[in-house]
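Only one structure is covered here, and it is reproduced in the block below.
The values are calculated or read from the model by the stated rules, or taken from the named source; none is laboratory data. Because the structure is predicted, anything quoted here is derived from the model rather than measured. Counting neighbours? That spans all protein chains shown, and the Cβs are built from the backbone with ideal geometry, glycine included. What goes into the accessible areas is simple: the full protein's heavy atoms, side chains included, and nothing from ligands, DNA or RNA. Shrake-Rupley method; radii C 1.70, N 1.55, O 1.52, S 1.80 Å.
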Amino acid sequence: MGTVGGIYTVIQTKAKITTDEWGESYYMMGPYFEHNFKTQVEVCEPPKAAIRKAMDALIHNGCQVGEWKHMVFFGRWLIEGSPYVILFDIGSAAWNLDRWKGDLWETCNIGLPYHDREANDSLILGSLIAWFFKELTDHLGEKPNVISHFHEWQAGPGLILSRSRKLPMATVFTTHATLLGRYLCAGNADFYNNLDKFNIDKEAGERQIYHRYCLERAAVHCAHVFTTVSQITAVEANHILHRKPEDEAKPLSCSLQIDKSIIAYCRQLNNTDFYCCDGTDVVTPNGLNVKKFSAMHEFQNLHSTNKARIQEFVRGHFYGYLDFNLDKTLFFFIAGRYEFSNKGADIFLESLSRLNYLLRVHRNDMTVVVFFIMPAKTNNFNVESLRGQAVRKQLWDTAHSVKEKFGKKLYDALLKGQIPDMNSILDRDDFTIMKRAIYATQRHSLPPVTTHNMLDDSTDPILSNVRRIGLFNSRNDRVKIIFHPEFLSSTSPLLPMDYEDFVRGCNLGVFPSYYEPWGYTPGECTVMGIPSVTTNLSGFGCFIEEHISDPAAYGIYIVDRRFHSPEESCNQLTQFMFSFCQQSRRQRIIQRNRTERLSDLLDWRFLGRFYIHARRLALSRAFPDKFKIDPIASLKTEGFRYPRPSSVPPSPSASLHSTPHHSDVEDDDDDEPYDEEEEAEKDRLNIKTPFVLGAVPAGKKKQPGESGN
């Protein structure tokens, strides 16, 4: 039960709709970690006797060491939906590792090296899960039927062993990103232009992950249904994992170009039980649990409130160099794992250099402060960053004390019916205090680029590129950079904000990823009403391109990194950001309203149907006598009817309570037209409805706006 990453987010957020669908018949399984179990799980007894008996069989027949008797744990995970969890203590069964390695080798000729701890732990977990399913299906008999859904290669051994033992259950395997794909992209390979040219076995062997790759590939071919999280990942999986597209599901006798060890294993399976199916059978996009506000302006208020908190941090960080207008400052950010090239930080930095040049040449009075939220190795906050926040607080305290004294004297004078003499209302001591506060803001160095002391300062990719492009937060720079090499937390003494609050306070999220099977960060921006930049190499970007005719109008800018050179992509990203900087405040408010209206598109209540289809398809293949489904025909669903705007977005001139506060430099743009019917018509034209599950028939090209029904 880890707590970081997109896969964790998928499993956690999907729990609510899956629990609503299956009730007490839905169970999550995974490794046991004591600290997480004690803080996140409520211990309880299994609601079904078969579950209890299967657990007892493991506990009393080998899954124990000495006095340790309870190495399989059960409870409710304390997240939305409160799903049941069954957790296996890997350490308690580690003494079986050599025997289980032998079983895996005899089953499919895949050997695991002793030094790969993660692969060995995956085998232990998989062996325990397969054992558990064997006991469970024995106790259940023919009813009810079991569906097991495995995520990623680490869960692969459980699927492989379950299928090799011909357990009567339906299986689904989901890859969120291929293992080799991650490695190749991390090595700066021209991945997508060479997908059909890679020698897969050679590449995996050179990176010493061949055994992991074999586990992943075997799991893909063993599963009744194989799913990926996006179309771009489906293309990748087809080339790397070789689940070949066919017109319909076929038994094992179809041609499989896979290595001999996996072929030898597959031939042990009953031909009627094993399928080589449509490559990726179902694309299961990642969703979120969207909480809609009762009034449209509420999320705008949250933006205003959290932006003010970010502005306070910026006041402290840039003390002494705060010669730019915060009311004309935009906050951009990039966040995620520190994968410099995969996450697109390389072209983002280059684009920022070009944006800085454009803003200076065009004498644009807008300033852009860019946050890099990527965890790296540090040893603490740097002194200059902490001093900045201390100076800011001292100035605030000084201003507050002088204000209190000024207010009291003014109040007394007005009670006496006098207009106070402004020259006497503040004495010399007050001026002395204020002068001392002003002198305290003087600094002899530029505001720091990073908020922490970096352990590898000289070789850090972000800092090295900042030095190359020369963005050092000088007075002349219109683009300022703040590298926060730590995940955000509300308990931080420097920037005390949770990630969600921080995102709501920013103006634009920038995620120009080169390798991003889905991409939760732009999706999270969308449901919060914050515009974002993504690419057509991310699953999210492809999903939006497929379903939105004009993504930029809805605050989602898609950089073409698939068919354009890096130079062209960089120029496109620069132009997107420069155009965003030229928007008026009124235009940004309208765009945030449009962005937030897309949130229903990413809600699990809609996207969960793809998982439902995958499970039904698995049941039809595992139990063809009981469950019937046409594997070719699309499963038609109700069209996604895009909501009309519930009200006209509040005008900055009409409602101070429902929009971000005015600034003294407000543009004269409040008369820009906003017509509710016109916005609704844009939705009807731009949102492609209705949706269907399933691919376009072979030989038929989907036309723009065509749903495929």
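Determine which member of the set Gly111, Gly126 is open to solvent by 10 Å² or more (accessible area, probe 1.4 Å) and among the small types (Gly, Ala, Ser).
Gly111
The helices (runs of 4 or more DSSP H) found entirely in segment 1-62 that carry 2 or more residues being among the charged types (D, E, K, R) and surrounded by 12 or more Cβ atoms within 10 Å (Cβ to Cβ) are 6-22, 49-60. Residues in segment 444-458 that are outside any strand (DSSP E or B) and either over 22 Å from Gly320 (Cβ atoms) or open to solvent by 30 Å² or more (accessible area, probe 1.4 Å) (or both): His444, Ser445, Leu446, Leu455, Asp456, Asp457, Ser458. When segment 129-149 is filtered for residues that are open to solvent by 30 Å² or more (accessible area, probe 1.4 Å) and either on the phi > 0 side of the Ramachandran plot or not in a loop (DSSP other than H, G, I, E, B) (or both), the ones remaining, listed by number, are Trp131, Lys134, Glu135, Asp138, His139, Leu140, Gly141, Ile147, His149.
Checked against the criterion of being basic (Lys, Arg), surrounded by 15 or more Cβ atoms within 10 Å (Cβ to Cβ), part of a loop (DSSP other than H, G, I, E, B) and at pLDDT 70 or above, the candidates Arg309, Arg243 yield just one match: Arg243.
State all residues of segment 521-541 that are closer than 22 Å to Tyr183 by Cα and buried (at least 24 other Cβ atoms within 10 Å of the Cβ); if no residue qualifies, say none. Within segment 521-541, Thr521, Thr534, Thr535, Leu537, Ser538, Gly539, Phe540, Gly541 qualify. Only a single criterion out of (1) under 27 Å from the mean Cα position of the chain (by Cα); (2) surrounded by 18 or more Cβ atoms within 10 Å (Cβ to Cβ) is not satisfied by Val235, namely (2).
Just to be sure before I move on: is Ser492 part of a loop (DSSP other than H, G, I, E, B) and either closer than 29 Å to Ala399 by Cα or touching a Phe, Trp or Tyr at 6+ places or on another chain (Cβ under 7 Å) (or both) in the structure I sent? Working first, answer last.
Working: part of a loop (DSSP other than H, G, I, E, B): yes; either closer than 29 Å to Ala399 by Cα or touching a Phe, Trp or Tyr at 6+ places or on another chain (Cβ under 7 Å) (or both): yes.
So Ser492 fits the description; yes.
Taken over segment 453-471, the criterion of being over 17 Å from Phe333 (Cα atoms) and either touching a strand residue (DSSP E or B) at 6+ places or on another chain (Cβ under 9 Å) or hydrophobic (A, V, I, L, M, F, W, C) (or both) is satisfied by Asn453, Met454, Leu455, Asp457, Asp460, Ile469. Filtered by the rule that a residue be out of contact with any helix residue (DSSP H, G or I) (no Cβ under 6 Å at 6 or more places or on another chain), surrounded by fewer than 16 Cβ atoms within 10 Å (Cβ to Cβ) and not hydrophobic (A, V, I, L, M, F, W, C), segment 546-559 gives a lone residue, Glu546.
Among the conditions (1) open to solvent by 30 Å² or more (accessible area, probe 1.4 Å); (2) of a type outside the set (Val, Ile, Thr); (3) part of a loop (DSSP other than H, G, I, E, B), the only one that Asp501 does not satisfy is (3). Being surrounded by fewer than 19 Cβ atoms within 10 Å (Cβ to Cβ), in a helix (DSSP H, G or I) and in the same structural domain as Asn342 (by the TED database) is the requirement here; does Ser579 meet it? In short, yes.
Out of everything in segment 190-216 that is open to solvent by less than 10 Å² (accessible area, probe 1.4 Å) and modelled with pLDDT of 95 or more, what residue ends up being nearest to Arg561 (Cα to Cα)?
Residue satisfying both the conditions and the ranking: Ala204.
With the structure loaded, tell me whether Asp103 is open to solvent by less than 50 Å² (accessible area, probe 1.4 Å), under 26 Å from Phe226 (Cα atoms) and of a type in the set (D, E, K, R) or whether it fails that test. Yes: the conditions hold for Asp103.
Among the residues of segment 150-163, which ones are assigned to a strand (DSSP E or B) and surrounded by fewer than 23 Cβ atoms within 10 Å (Cβ to Cβ)?
Matches in segment 150-163: His151 only.
As for segment 380-403, it holds no residue that is touching a Cys at 6+ places or on another chain (Cβ under 8 Å), closer than 30 Å to Met577 by Cα, at pLDDT 85 or above and surrounded by 13 or more Cβ atoms within 10 Å (Cβ to Cβ).
Within segment 12-43, the residues that satisfy the criterion of being more than 21 Å from the chain's Cα centre (by Cα) and of a type in the set (Ser, Thr, Tyr) are Thr19, Ser25, Tyr26, Tyr27, Tyr32, Thr39. How do the pairs read when you match residues in segment 355-383 that are closer than 17 Å to Asn571 by Cα with residues anywhere that are part of a strand (DSSP E or B), using Cβ under 6 Å and keeping only pairs 6 or more apart or on different chains? From segment 355-383, the pairs are Leu355/Val479; Asn356/Val479. Tallying residues that are touching a Gly at 6+ places or on another chain (Cβ under 6 Å) and either within 22 Å of Arg615 (Cα to Cα) or touching a residue at least 40 places away in the same chain (Cβ under 8 Å) (or both) within segment 98-149 yields 3. Just wondering, is there one or more residues in segment 341-364 that are open to solvent by 50 Å² or more (accessible area, probe 1.4 Å), farther than 27 Å from Glu312 by Cβ, of a type in the set (Asp, Glu) and assigned to a helix (DSSP H, G or I)? The answer is no; no qualifying residue exists.
Looking across segment 491-530, just one residue is hydroxyl-bearing (Ser, Thr, Tyr), modelled with pLDDT under 95 and under 27 Å from Phe324 (Cα atoms), and that is Ser492.
Looking at this structure, is Pro493 farther than 24 Å from Gln572 by Cβ, open to solvent by 20 Å² or more (accessible area, probe 1.4 Å), assigned by the TED database to the domain that holds Leu358 and in contact (Cβ under 8 Å) with a residue 40 or more places away in the chain? Spelling it out, Pro493 is indeed farther than 24 Å from Gln572 by Cβ, open to solvent by 20 Å² or more (accessible area, probe 1.4 Å), assigned by the TED database to the domain that holds Leu358 and in contact (Cβ under 8 Å) with a residue 40 or more places away in the chain.
Quick grid of which residues meet (1) more than 21 Å from Ile90 (Cα to Cα); (2) touching a residue at least 12 places away in the same chain (Cβ under 8 Å); (3) in contact with a Ser or Thr (Cβ under 6 Å, 6 or more places away or on another chain):
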| residue | (1), (2), (3) |
| --- | --- |
| Ile7 | no, yes, no |
| Thr13 | yes, yes, no |
| Gly23 | yes, no, no |
| Met29 | no, yes, no |
| Glu34 | no, no, no |
| Val41 | no, yes, no |
| Pro47 | yes, yes, no |
| Ala54 | no, yes, no |
| Ala57 | no, yes, no |
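If we scan segment 459-471, do we find a residue that is open to solvent by 30 Å² or more (accessible area, probe 1.4 Å), assigned to a strand (DSSP E or B) and either more than 29 Å from Tyr192 (Cβ to Cβ) or touching a helix residue (DSSP H, G or I) at 6+ places or on another chain (Cβ under 7 Å) (or both)? No, because not a single residue in segment 459-471 is open to solvent by 30 Å² or more (accessible area, probe 1.4 Å), assigned to a strand (DSSP E or B) and either more than 29 Å from Tyr192 (Cβ to Cβ) or touching a helix residue (DSSP H, G or I) at 6+ places or on another chain (Cβ under 7 Å) (or both). Contact map, segment 424-450: first residue among the basic types (Lys, Arg), second residue open to solvent by less than 60 Å² (accessible area, probe 1.4 Å) and at pLDDT 80 or above, Cβ cut-off under 6 Å, separation 6 or more or different chains; pairs are Arg443/Gly320.
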